[in-house]
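Q: Submitted below is the structure of interest, expressed as structure tokens.
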């Protein structure tokens, strides 16, 4: 027997298919433009250092790589930081997101310099969609129980970070990442994107099958909805740390480089 959440998820999926509809420009019908620039956007409970194992792999093949440092005070401000970085690029650029960073690239990816989008275990809302409501259609991931609220900001407890956010990473590295995690302003959880760049840009998605921060089935739904080229890896939410080669190869594919 289907439970209520399964039925709700199915209804959402059907509604999304109807909204996308025939006749709309699909991301994967657009030709892939070779790019030499990559801009990386981190999510909540992290900072730019979460890309440290991916960056060298991209630089080794000659790509120009920049990681954005999100203030995590509002979606608008984080988008502004990404736009500043995009203005510094000298041509076609692959815009890559992890986790909440998916909202940032979804909002800013319409920039003419952006040639493709890559989502790594990332949020991929549609324009004006309530992501929180969408996520509630799926079982609540364990990391949610480890949120610590203080003085208007939110972070993960050390236990939740090590177990539910970075569960397949060696403890020493995980503790270092815990120490540098970004603190998110509480209002950011209610912010919504007003446009969805994945509707018009070639899109790629990496699903983390052992994710305890964003439900893997929600990731699969978002990837399928955008008709993204999708790979799935057996990782925690931080697949960008535990499986950097697979992530780098997906980015290289989005940049038009053979792997």
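The values are calculated or read from the model by the stated rules, or taken from the named source; none is laboratory data. The structure presented is a predicted model; accordingly, all values stated were derived computationally and were not measured. Please note: Cβ atoms are built from the backbone with ideal geometry, for glycine as well, and neighbour counts cover all protein chains shown.
Q: Out of 58, 72, which single residue is more than 21 Å from residue 249 (Cβ to Cβ), modelled with pLDDT of 95 or more and touching a helix residue (DSSP H, G or I) at 6+ places or on another chain (Cβ under 8 Å)?
A: One residue alone meets the criteria, 72.
Q: So which of 223, 254, 197, 174 is under 17 Å from the mean Cα position of the chain (by Cα) and within 16 Å of residue 99 (Cβ to Cβ)?
A: Exactly one of 223, 254, 197, 174 is under 17 Å from the mean Cα position of the chain (by Cα) and within 16 Å of residue 99 (Cβ to Cβ), namely 223.
Q: Filtering segment 171-214 down to residues that are in contact with a strand residue (DSSP E or B) (Cβ under 8 Å, 6 or more places away or on another chain) and part of a helix (DSSP H, G or I), which residue is surrounded by the fewest Cβ atoms within 10 Å (Cβ to Cβ)?
A: 186
Q: If only one of 193, 118 is touching a residue at least 40 places away in the same chain (Cβ under 8 Å) and farther than 24 Å from residue 252 by Cβ, which one is it?
A: Exactly one residue qualifies, and that residue is 193.
Q: In addition: Which members of segment 143-158 meet the condition of being out of contact with any strand residue (DSSP E or B) (no Cβ under 7 Å at 6 or more places or on another chain), loosely packed, with under 15 Cβ neighbours inside 10 Å and over 20 Å from residue 208 (Cα atoms)?
A: 149, 150, 151
Q: Residues in segment 68-77 that are touching a strand residue (DSSP E or B) at 6+ places or on another chain (Cβ under 9 Å) and closer than 22 Å to residue 228 by Cβ: how many?
A: Result for segment 68-77: 1.
Q: Kindly evaluate residue 71 against the criterion of being more than 29 Å from residue 169 (Cα to Cα) and assigned to a loop (DSSP other than H, G, I, E, B).
A: no
Q: Looking only at residues in segment 102-113 that are touching a residue at least 12 places away in the same chain (Cβ under 8 Å) and part of a loop (DSSP other than H, G, I, E, B), which one is farthest from residue 217 (Cα to Cα)?
A: Residue satisfying both the conditions and the ranking: 113.
Q: Listed residues 116, 124; which is part of a strand (DSSP E or B) and under 16 Å from residue 202 (Cα atoms)?
A: 116
Q: Of the conditions (1) under 13 Å from residue 123 (Cβ atoms); (2) modelled with pLDDT under 95, residue 214 clears all except one; give me its number.
A: Checking residue 214 against (1) under 13 Å from residue 123 (Cβ atoms); (2) modelled with pLDDT under 95, the one that fails is (2).
Q: For residue 245, indicate whether it is touching a residue at least 24 places away in the same chain (Cβ under 8 Å), surrounded by fewer than 17 Cβ atoms within 10 Å (Cβ to Cβ), under 20 Å from residue 52 (Cα atoms) and out of contact with any strand residue (DSSP E or B) (no Cβ under 9 Å at 6 or more places or on another chain).
A: Taking the combined requirement at face value, the residue satisfies it.
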